[in-house]
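Since the structure comes first, as structure tokens, the remarks are kept for the end.
The values are calculated or read from the model by the stated rules, or taken from the named source; none is laboratory data. In this text, all values refer to a predicted model and were calculated from it rather than measured experimentally. Cβ atoms come from the backbone with ideal geometry, glycine included; neighbour counts cover every protein chain shown. The protein model used for the area step is the full one, side chains on, heavy atoms only, and it has no ligands, DNA or RNA in it. Shrake-Rupley method; radii C 1.70, N 1.55, O 1.52, S 1.80 Å.
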Amino acid sequence: MKIVFATNNAHKLSEIKSILGSSIEIVSLSDIGCTVDIPETGKTLEENARIKAAYVFEHYGLSCFADDTGLEVEALHGAPGVYSARYAGGAGHDSEANMRKLLGELAGEPHRNARFRTVISLLQVDENHPQKPIEHQFEGIVTGHIATEKHGQEGFGYDPIFIPDGYDQSFAELGETIKNKISHRARAVEQLALFLKTGR
Ligand code: IMP
């Protein structure tokens, strides 16, 4: 089985390949010659994941899955959520600015519960209806809280300020091996892998 993962993020690609194993061939956007930065115009993680998967399905006629992730902070009513990459404004993906803004918003706030949530949208080619994909969604969540300052050097994004439940260190201190066992993305990918392998 060959399936496109709508990303060019090498880190995500290798993480997913290692969870899925060799029974399923995963190819990236660049592997299929797609160089477009698919715009994430949705208002929810579900919409954005589906938009990315649908782009590949519609333009290349291939089965595809895509993910979208957000950090949801209870005291901020779920913000930054779908806007996590662009929380501090600008072109986005400025992790230092995003963390600074979040720590500022939570200054003096004792209630710091938060969760990372990943949604994966899978669109599969249906041989009987080539225009209409078979659709499935998978979700992975890790709960925790936001630290009062940054800790650790590993990982990316909000990792230095997110402390998962059951640990007293941030994702950036815990490192990749532990993170990949308990993370939102790992949990969503496990659901996807189970479905691709067993149909359930
Ligand atoms: P994306 O949907 O994977 O591109 O994630 C959107 C944004 O959420 C990223 O730009 C990061 O700021 C943040 N994010 C996603 N996954 C993680 C993670 O595993 N750790 C820390 N931040 C993350």
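One table, with the values for the structure above:
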{"quantity": "Length gained when the stretch residue 149-residue 128 is fully extended (0.36 nm per residue, less Cα-Cα span)", "calculated": "2.1 nm"}
{"quantity": "Extension reserve of the residue 74-residue 136 stretch, reckoned as 0.36 nm per residue once the Cα distance is removed", "calculated": "19.6 nm"}
{"quantity": "Segment 2-198, accessible surface, carbon-and-sulfur percent (1.4 angstrom probe)", "calculated": "48 percent"}
{"quantity": "Rounded to 10°, Cα long-axis angle of helix 184-198 versus longest principal axis of the chain", "calculated": "20 degrees"}
{"quantity": "Within a Gaussian network of the chain (alpha carbon springs, distance under 10 Å), most fluctuating of 175, 90, 42", "calculated": "90"}
{"quantity": "Difference of contour (0.36 nm per residue) and Cα-Cα distance, residue 169 to residue 86", "calculated": "27.4 nm"}
{"quantity": "Size of electric dipole in the chain: Cβ of Lys, Arg +1 and of Asp, Glu -1, about Cα centre, debye, nearest 20", "calculated": "240 debye"}
{"quantity": "Prolate/oblate/rounded label for the chain (Cα gyration tensor, a/c 1.5)", "calculated": "prolate"}
{"quantity": "Å² per residue, accessible surface of the chain at 1.4 Å", "calculated": "51 Å²"}
{"quantity": "Extreme residue, positive dipole direction of the chain, given options 199, 123, 77 (C-beta unit charges)", "calculated": "199"}
{"quantity": "Nearby lysines by direct alpha-carbon distance to residue 2 (threshold 22 angstrom, same-chain neighbours under 8 apart not counted)", "calculated": "12, 17, 52, 132, 197"}
{"quantity": "Separation between Cα centres of segment 156-196 and segment 82-124, rounded to whole Å", "calculated": "15 Å"}
